[in-house]
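Remarks on the structure that follows.
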Amino acid sequence: MLAMLRRHAGAHSCCLLGLLAAAQAWPQQLEPRAYANVPVGLNFLIVGYAYSSGGLSTDPALPLTDEKLTLQTPILAYLHSFDAWGKSAKFDVVLPWGCLSGSAVANGAPVSRDVCGLLDPSFRFSINFHGAPAMSLEEFRSYRQDLIVGASLQVTAPLGQYDPDKFLNLGTNRWTFRPEIGVSKAFERLTVEVALGASFFTTNDNYFGGQRREQDPIYSTQLHLIYELRGGTWVALNGTYFWGGRTTINGVEGGDEIGNSRIGVTLALPVDRNNSIKLHASDGVSVRTGGDFTTVGIAWQYRWGGGL
């Protein structure tokens with residue numbers, strides 16, 4: 001049993017890496033194994049820390065240049081796996097905290113900020129429609145992945161620190177709804193994953209001095225190449241491209257449509273049947289508007305329940 005748990009430790013390391021890397025429900029998050037099958041009844045507690053520097057903000061469409069910003073983000077997250085109509089499903093909640101400091105130029109004017117507080121928390125439900133039936137831990141022993149097709153819906157609530165008199169904030173003062181569909185195909189030790197998603201935003205009626213800010217959806221695609229090493233260790237090469245997101249302020253459409261790409265790497269290291277450690281890093285490759293930042297981070301994961 002212990003050997004089986006270590007072998008599938010990577011499959012259990014699901015759903016939260018992108019959030020630990022980006023600290024928000026941004027379209028540029030890089031999230032390997034988001035649709036991996038997991039035995040039902042398991043619980044995951046994740047404590048992480050990420051350090052980001054460059055042109056970062058809670059809104060990738062902010063037109064920043066000459067960025068000298070840093071964001072330090074401790075994160076607490078919880079995930080539960082369960083049976084949904086015979087299919088494997090998961091629910092997760094992420095509570096990020098952050099300290100943003102530094103300066104940048106926005107629309108030709110210098111801006112700066114030094115603030116700590118809560119970032120917008122997120123909640124997500126995901127389900128695998130094909131190739132990942134709901135199974136107990138005992139049944140999972142004989143499971144071998146082939147093709148998995150799944151979908152998720154993530155909701156981000158406007159509960160983070162927000163000052164309408166400031167251009168840079170930790171919170172966004174709007175709801176975000178992000179549906180996504182993902183496909184994961186295993187080729188022995190190599191797994192290839194593709195995900196397509198879109199982020200839809202409500203209106204921010206109190207933007208930078210009481211203005212009304214609307215934003216078009218941001219669409220994204222992710223590609224992950226995941227290779228399983230010995231003892232449940234795995235490494236992933238990750239890439240994403242996201243576009244759209246043109247903003248409208250007080251009825252005036254802006255010229256800030258996004259067309260950005262990022263790459264990253266993730267390493268998962270199982271410690272024992274209950275604990276694992278993950279390291280991740282990512283950087284911008286091509287940036288049209290905002291979002292040109294570098295992130296490195298570490299996360300500790302503890303899992304229990306489901307017969308462990």
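Computed from the coordinates by the stated procedures, all read-outs in this text should not be read as laboratory data. Everything quoted here is computed from the prediction, not taken from an experiment. Cβ coordinates were reconstructed from backbone atoms using ideal geometry, including for glycine residues, and neighbour counts include every protein chain displayed.
Overall, the stretch 162-308 carries a charge dipole of about 460 debye about its Cα centre when +1 sits on the Cβ of Lys and Arg and -1 on the Cβ of Asp and Glu, all other atoms neutral. Net charge dipole, the stretch 232-308: roughly 360 debye, given to the nearest 20, about the Cα centre with Cβ charges of +1 for Lys and Arg and -1 for Asp and Glu. Rounded, prolate or oblate: which fits the stretch 172-294 when a ≥ b ≥ c are the square roots of the eigenvalues of the alpha-carbon gyration tensor, with rounded for a/c under 1.5 and prolate only if a/b beats b/c? Prolate shape, in that a/c is at least 1.5 and a/b is the bigger ratio. Among Thr221, Thr248, Thr240, the largest mean-square fluctuation in a Gaussian network model of the chain (Cα springs under 10 Å) belongs to Thr248. Peptides 120-126, 175-181, ordered by how many other C-beta atoms sit within 10 Å of their residues on average, highest first, read 120-126, 175-181.
Our helix-only sum for the chain, with -39,500 (n - 2.57) per DSSP H run of n ≥ 4 divided by its residues, gives a mean residue ellipticity at 222 nm of -1000 deg cm²/dmol.
Rounded to the nearest 20, the size of the Cβ-charge dipole of the stretch 2-305 about its Cα centre is 860 debye, with Lys and Arg at +1 and Asp and Glu at -1. Computed on the stretch 2-305, with alpha-carbon pairs under 8 angstrom and 6+ residues apart, the relative contact order is 20 percent. The overall shape of the stretch 37-139, judged from the alpha-carbon gyration tensor, is prolate: a/c is not under 1.5, and a/b is greater than b/c. Highest mean first, the peptides 44-53, 159-168, 261-270 sorted by other C-beta atoms within 10 Å per residue fall in the order 261-270, 44-53, 159-168. Computed packing ranks the peptides 231-239, 184-192, 106-114, 132-140 as 231-239, 132-140, 184-192, 106-114, most packed first, by mean other Cβ atoms within 10 Å. Translational diffusion of the stretch 131-223, estimated by Stokes-Einstein from the Kirkwood radius over alpha carbon pairs at 25 °C in a medium of 0.890 mPa s, is 150 µm² per second.
Along the axis of the charge dipole computed for the chain (Cβ charges of +1 for Lys and Arg, -1 for Asp and Glu, origin at the Cα centre), the listed residues Asn260, Gly48, Gly131 are led at the positive end by Gly131. Candidate cross-link partners of Lys87 among the lysines, defined by an alpha-carbon separation under 21 Å and a same-chain spacing of 8 or more, comprise Lys185.
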